Structure formats: C-alpha cells, structure tokens
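Data first, discussion second: the structure below is written as structure tokens.
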Amino acid sequence: MDIIGIIREACVETVAQALKAQQLGADRVELCSRLDLDGLTPSEKTITEAVNSLQIPVKVMIRPREGDFVYNSDEIATMLRSIDYCKINKVSGIVVGVLDHSGNLDLGAIRRLAEKAAPLPVTIHKAIDQTNDPVQAIEQLKSLNNVDAVLTSGKALTAEEGKEMIKEMIRAAGDDLKVVVAGKVKYDNLAHLHREINATEYHGRKIVG
C-alpha cells in the first residue's frame, strides 16, 4: 500500500524486526526494548547494531523503567546518559516523556533532556495522553527548543477511538509540531485512519505488515 506523502514509523525491539520493517517499506523505526511494557530504552548494543545496519532513520525510546512517567533525579540522570550514547552513535532522534505529580508535562525536565539531545530532534511519547489536557500540552511544548513531534492515540486505546482528540491536537500543533498517530495503527487500517485523521506521520508495530 502506498499513501503518498506520509511517514510510516515501525515500532520495533530487535535489529531483525527493524531490518524486516525496512524491507517492507517502513520510512523510519522507533527502537525500544520491552514492548510488553509499552517500551523501554533498548540496550546500547542494540542501538549500535540498528544504526549500523539500517538505511532508514532510527529513533530511540528513552524510558528507564516501566510504570508512570514521573522520574526522580537519578532516573533523569540515567536518561541523560542514554541520550549521550544515542548522540555518539548517530541515531536520528530520541523519544521521551516526563510528567509531574499533577498530571501535567514536566517542562523543566523535558527542556533539560531536549537540550542534552540537541541537535537531535525530540519526540514526546504517549505520556502526553496521560496529561490532563493534551491540547494544552501541545501549546506548552511549542515553547521548547528541539521538541519537534508528539506521539499520541488521542487519550484513547486506539487511534480510531481517539481520532477526534488527535485532530484537535493536530490543529493545535499547526506548523510547529508534528503529530505522530499511534494506537493499533496497522497495515490494513492505515488508509482508513489516514482518511479520517489526515496526519502526516503514523506509528505502529504492524504498520508495514
């Protein structure tokens, strides 16, 4: 299936999966470990092997543990070290998300991580869907340098269920941020979702088969 002008990002946890996604036509991969836990930071070995093996861009999830997205200072330090490794090994971008105890984006922590990542572009992952108001969170992110995208299923389990919120987020993002649509986005429903949502980027484990 060929939808002109969109980016298909495959979510993978091994180099073999990444190579298969590339073969099937993925435009980019997001590399994670433990997708059964919604994705954690992959090993340094996996990061290096993926970057050296692929011709398409590799974004890397920076998430030090399972559970919530409220991190202490030691966990932030771990994330900063992981970002350093990604920069040295020439990944294409990083994916992070930090919340505060009130259920809002922790803009201070995100700014610190984004500054460390520069010049790599930063995507805010689905932690944004756990904020009190994802549209307001979009507006807040516009003030941060180097944050260029958000990953969302519109505060729902699937993109289909969250499509109205996703469309609101796309309107709020305007030309300042890219909205990457996630949530059970697959090869066989991508065309339908694109007609409904009309985003420019989509993300899923089975997005290319």
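Laboratory data are not the source of any read-out in this text; all were calculated from the coordinates shown. Please read all numbers here as calculations on a predicted model, not as lab measurements. Quick reminder, even Gly has a Cβ in these numbers, built from the backbone with ideal geometry, and neighbours come from all protein chains shown.
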Seminar exercise, completed: Placing +1 on each Lys and Arg Cβ and -1 on each Asp and Glu Cβ in the range 7-204, then taking the dipole about the Cα centre, the residue among N72, L193, P42 whose Cα reaches farthest towards the positive end is P42
Exercise. Can you give the extra length, in nm with one decimal, that the chain gains between K206 and T14 once fully stretched, where that is 0.36 nm per residue apart less the Cα-Cα distance?
Worked result: 67.7 nm
For this session: Taking the Cα centre of the chain as origin, sum charge times position over the Cβ atoms of Lys and Arg (+1) and Asp and Glu (-1), and report the length of that vector in debye to the nearest 20.
Result: 480 debye
Problem set entry | S53 versus D68: modelled label distance in nm, points set 7 Å from Cα along the beta carbon direction | 3.7 nm
Problem set entry | Full-stretch length increase - Q23, N198 - with 0.36 nm per residue and alpha-carbon distance subtracted | 60.5 nm
Exercise. Label point 7 Å out from Q140 along Cα-to-Cβ: which residues of the range 113-128 have amide N under 17 Å?
Worked result: 113-115, 123-128
Problem set entry | Backbone HN-Hα couplings from phi across the range 154-165 [Karplus 6.51/-1.76/1.60, Hz, Gly and Pro as x] | x, 6, 10, 6, 10, 5, 4, 5, x, 4, 5, 5
For this session: Sticking with the crude label model, points 7 Å out along Cα→Cβ, report the distance from R171 to T158 in nm, one decimal please.
Result: 2.5 nm
Exercise. What pairs in K126/K163; K20/K59; K45/K87 have C-alpha atoms more than 26 Å from each other?
Worked result: none
Exercise. Can you give the extra length, in nm with one decimal, that the chain gains between R111 and Q130 once fully stretched, where that is 0.36 nm per residue apart less the Cα-Cα distance?
Worked result: 5.0 nm
For this session: Using the charge dipole of the range 7-204 (Lys, Arg: +1 at Cβ; Asp, Glu: -1 at Cβ; taken about the Cα centre), state which of Y202, T158, V98 has its Cα farthest towards the positive end.
Result: Y202
For this session: Report, in debye and to the nearest 20, how large the dipole of the range 8-108 comes out about its Cα centre when Lys and Arg carry +1 and Asp and Glu carry -1 on their Cβ.
Result: 480 debye
For this session: Under 15 Å from a label point 7 Å along Cα→Cβ of R81: give me every residue in the range 31-51 with its amide N that close.
Result: 41-45
For this session: Please get the size of the charge dipole for the range 89-209, origin at its Cα centre, with Cβ charges of +1 on Lys and Arg and -1 on Asp and Glu, quoted in debye to the nearest 20.
Result: 420 debye
